[in-house]
1. So if I place +1 on the C-beta of Lys and Arg and -1 on the C-beta of Asp and Glu, and nothing else carries charge, what would the dipole magnitude of the stretch 24-105 be about its Cα centre? I want it in debye, nearest 20.
2. Does the stretch 31-96 come out rounded, prolate or oblate, given a ≥ b ≥ c as the square roots of the eigenvalues of its C-alpha gyration tensor, rounded meaning a/c under 1.5 and, failing that, prolate meaning a/b above b/c?
3. Output the pairs from Lys35/Lys100; Lys42/Lys100; Lys35/Lys92; Lys42/Lys92; Lys30/Lys109; Lys30/Lys90 with a Cα-Cα distance over 32 Å in this structure; if there are none, say none.
4. Once you order the gyration tensor axes a ≥ b ≥ c over the Cα atoms, which shape class does the stretch 13-141 get: rounded for a/c under 1.5, otherwise prolate or oblate by comparing a/b with b/c?
5. Leaving ligands, DNA and RNA out of it, work out the accessible area of Ser6 with a 1.4 Å probe and give it in Å² to the nearest 10.
6. Return the loop-located trypsin sites (Lys or Arg not before Pro) in the stretch 92-135 (DSSP other than H, G, I, E, B) with at most 14 other Cβ atoms within 10 Å of their own Cβ; answer none if there are none.
7. From largest accessible area down, sort Thr98, Thr20, Thr88; use a 1.4 Å probe on the protein chains.
8. Hey, with R₀ at 41 Å, roughly what FRET efficiency would Glu23 and Asn123 work out to, going by the Cβ-Cβ distance, to 0.05?
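The values are calculated or read from the model by the stated rules, or taken from the named source; none is laboratory data. Note that the coordinates shown come from a computational prediction; the quantities given were computed from them, not determined experimentally. Positions of Cβ are backbone-derived with ideal geometry, glycine not excepted, and every protein chain shown enters the neighbour counts. Accessible surface areas use protein heavy atoms only, side chains included; no ligands, DNA or RNA. Shrake-Rupley method; radii C 1.70, N 1.55, O 1.52, S 1.80 Å.
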Amino acid sequence: MDHNPSSRVSFGCPDDLLETLDEIAEREDKNRSEKLRDLVQKEVEAKGDLDEPQPILPDNEQLADAYRMLHERASAPHKIKRRVKLETAKNKLYDNDTPKAAVLEEIIKPLESLGYVSVEPGNQSVWIFVRPMRYTDSEDIVTFGEKAVS
């Protein structure tokens, strides 16, 4: 990113968060300002199209990413029901921070408590039913494919 700032920003932040941010930046061979500019850039790229309806996602980034992935899998054109097998979800959602054995407790159960998914046993598999994506359209909430009515 080109660094020629036309604006400066100042804000308060807990010391422990800044210390951790500085350590993360150092690992990436960046200074604090470079890391903060990167984070702002990612946020703007993810949510910056203010003319388009924005998806309503969990505040936790890991849960938001997991819901997006589950929604995409459950919405595939060949799907009749909006669901994903628990085992498939575990295979897709585990990583170095969340081992496969912890996916249910650390990702799926929190999504269920927030109302994004429900976990239900089937005849041969446990299924995760995924709620349709909801969006904000100005101040209204709409489901994918609907338009807000003024």
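1. Details: 17 positive and 18 negative charges, 134 e Å.
Using Cβ point charges on Lys, Arg, Asp and Glu, the stretch 24-105 gives about 640 debye.
2. Numbers: a/c = 3.50, a/b = 1.67, b/c = 2.10.
It is oblate, given that a/c is not under 1.5 and a/b is not larger than b/c.
3. Details: Lys35/Lys100 30 Å; Lys42/Lys100 27 Å; Lys35/Lys92 28 Å; Lys42/Lys92 23 Å; Lys30/Lys109 36 Å; Lys30/Lys90 34 Å.
With Cα atoms farther than 32 Å apart: Lys30/Lys109; Lys30/Lys90.
4. Details: a/c = 2.58, a/b = 1.52, b/c = 1.70.
It is oblate, given that a/c is not under 1.5 and a/b is not larger than b/c.
5. Roughly 120 Å² of Ser6 is accessible to a 1.4 Å probe.
6. Values: sites: Lys92, Lys100, Arg134; in loops: none.
Counting only loop positions with at most 14 other Cβ atoms within 10 Å, none of the trypsin sites (Lys or Arg not before Pro) in the stretch 92-135 qualifies.
7. Values: Thr98 5, Thr20 70, Thr88 40 Å².
From most exposed to least exposed: Thr20, Thr88, Thr98.
8. Numbers: r = 50 Å, r/R0 = 1.21.
The calculated FRET efficiency here is 0.25.
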